[in-house]
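A short write-up of the structure that comes next.
What follows draws every value from the coordinates through simple rules; no lab data is involved. Since we're looking at a predicted model, the values are computed, not measured. With ideal geometry, Cβ positions are generated from the backbone for all residues, glycine too; neighbour counts draw on all protein chains shown.
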Amino acid sequence: MNLYRKNLQSIIRRLMPATLVIVIAIGACAPPVFQPGDSFEGEILIEAVVEDAALPVAIAFAPDGRAFYTEKATGRIRVLTAAGELLAEPFADVNVVSNSERGLLGIALHPDFAQNGFVYVFYTRSTLGQDSRSTSAAGDNRVVRFTAVGDTGTSETLIVTLPAAPGPNHNGGNIRFGPDGKLYITLGELASASNSQTVDVTPGKILRYNDDGTIPSDNPFGVGNPAYVLGLRNSFDFAFDPVSGVIFATENGTSLHDEVNRLPAGSNGGWPLVEGFSKGTTVDVEAGNYVEPVVATDGIIVPTGIDFAPDATFGADSESQLFMGEFLTGRVTRLTLNEARTTITASAVFAEGIADGITDVAFAPDGTLYVLTTTSIQRIRPDDG
């Protein structure tokens, strides 16, 4: 699905049930059906930070309180000050192809940002030297690095080059640094499902690199292979469990199911051999260890941003739990992990009624939750009265 095709969004909203069922896998038992509906125990405020935003997709926070975010179609990286002011001048801009799910997508700050000022972004490069919606203008997907000098990005440096064809959908495009200091990148299967189970190509994977774009020698599929996880269709976002360090990733499926996957190193999400739960059957995959999703929806919600709560800002029950944005429903859902951090035991609606399609959710250093939509950036915080 094209996240930004609003006419399709409106059609699906009319066809979809008022509340979708989320199916949760618990251990080896038959997965129960859980109907989300329990709200956060406490009052929250949703405040507009940026109104009339130009399709922001991903946001990253600096230790000094600034926030950097990407605009999908303009190719601009924008800066919010620690006080929440949007700077008029962009931090930097790149030449993007923005048709379908392409564009300026992911952003991540180097773990040593306070010392080196490194800002990394993922984008689909335009060969026309400007924003374009022409499929033929797509040169490649790439990750580049800027160096922050104040609020200005300098010294654009190519880090990783990745394919963009055939596409233009299932592009992935999110990036994060892991607890090991390595750079992780999602790349969808680029509308060619066979890519996902082909070990020696990059699409349909989560990829792992050193911060300079070289490939770590201890990657799970062998020396010289950047693949960290196989068998993905279009993992829009992912986050590292702050307790176990394991990746949890959203997965955009067909009209049947969307997923959340727990993805240890060397695992295989199963696409296109299985979608949703395999219902106890053995999935024959060529490589990797097949993992069942921890969440599979009955119908589609288009899960996008995902992040772990860093503290107890929203209550002790929320600390280190997983929060997920749903593009189609306008909800933020809280997913509770078991003590072993291997399964999801409950799902609850944390916030709802967020208009125009959620593209990212991310916790700020102060514990508040930022929600990006196609038209705005909003901040959720506890209502202290």
Quiz prompt | Distant-in-sequence amide H partners of VAL49 (H built 1.01 Å from N, under 5 Å) | solution = ILE377, GLN378, ARG379
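With only alpha-carbon pairs counted, each pair once and no self-pairs, how large is the Kirkwood hydrodynamic radius of the chain in angstroms?
Mean inverse Cα-Cα distance, inverted, gives 20.6 Å.
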Quiz item: What list of ³J(HN,Hα) values in whole Hz, one per residue of the range 163-177 in order, does the Karplus curve 6.51 cos²θ - 1.76 cosθ + 1.60 (θ = phi - 60°) give from phi, with Gly and Pro shown as x?
Solution: x, 10, 9, x, x, x, 9, 6, 8, x, x, 9, 9, 8, 8
Quiz item: HN-Hα J couplings of the range 99-115 from phi, Karplus 6.51/-1.76/1.60, θ = phi - 60°, integer Hz, Gly and Pro as x?
Solution: 5, 6, 9, 7, x, 7, 10, x, 8, 8, 9, 4, x, 9, 3, 4, 9
Quiz item: So how strong a dipole does the chain carry about its Cα centre when Lys and Arg Cβ are +1 and Asp and Glu Cβ are -1, to the nearest 20 debye?
Solution: 1060
Quiz prompt | GNM flexibility winner over the chain from LEU55, LEU273, LEU104 (Cα, springs under 10 Å) | solution = LEU273
Exercise. Return the single residue from SER320, SER217, SER235 with maximal mean-square fluctuation; model: Gaussian network over the chain, springs between Cα atoms under 10 Å.
Key: SER217
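In square nanometres, what is one fourth of the surface area of the convex hull spanned by the alpha carbons of the range 180-325?
9.2
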Quiz item: Can you give the FRET efficiency for ASP64 and THR127, using 1/(1 + (r/R0)^6), R0 = 45 Å, r = Cβ-Cβ distance, to the nearest 0.05?
Solution: 0.80
Quiz item: If you take all C-alpha pairs in the range 236-385, what percent of them are over 26 Å apart?
Solution: 25
Practice problem: In nm, give the distance between the simple-model label positions of ASN210 and VAL246, each being 7 Å from the Cα along the Cα-to-Cβ direction. | Solution: 2.9
Quiz item: Given a cut-off of under 8 Å on Cα pairs at least six residues apart, what relative contact order in percent is computed for the range 6-382?
Solution: 16
Exercise. Can you tell me the FRET efficiency between ASP383 and SER217 if r is taken as the Cβ-Cβ distance and R0 is 51 Å, rounded to the nearest 0.05?
Key: 0.55
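Extension gain ASP317-LEU256, at 0.36 nm per residue separation less the Cα-Cα distance, in nm?
Using 0.36 nm per residue and subtracting the Cα-Cα distance, I get 18.8 nm.
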Quiz item: Counting DSSP beta bridges with both partners in the range 6-382, what percentage is antiparallel, nearest 5?
Solution: 95
Quiz prompt | VAL199-THR342 FRET efficiency (beta carbon distance; Förster radius 25 Å; 0.05 resolution) | solution = 0.50
Exercise. Just name one of LEU335, PRO90, PRO203: the one whose Cα is farthest towards the positive end of the charge dipole of the range 6-382 (beta-carbon charges, Lys/Arg +1, Asp/Glu -1).
Key: PRO203
Quiz item: Could you work out the helix-only [θ] at 222 nm for the chain, with each DSSP H run of four or more residues adding -39,500 (n - 2.57) and the total divided by the number of residues, to the nearest 500 deg cm²/dmol?
Solution: -1000 deg cm²/dmol
Exercise. Let me know the charge dipole size of the range 263-370 about its Cα centre in debye, to the nearest 20, where only the beta-carbon of Lys, Arg (+1) and Asp, Glu (-1) is charged.
Key: 160
Exercise. Could you tell me what % of all Cα pairs in the range 52-189 have separations over 18 Å?
Key: 50
Quiz item: Looking at the range 251-311, which GluC sites (Glu not before Pro) are DSSP coil and have at most 13 other C-beta atoms within 10 Å of their C-beta?
Solution: GLU286
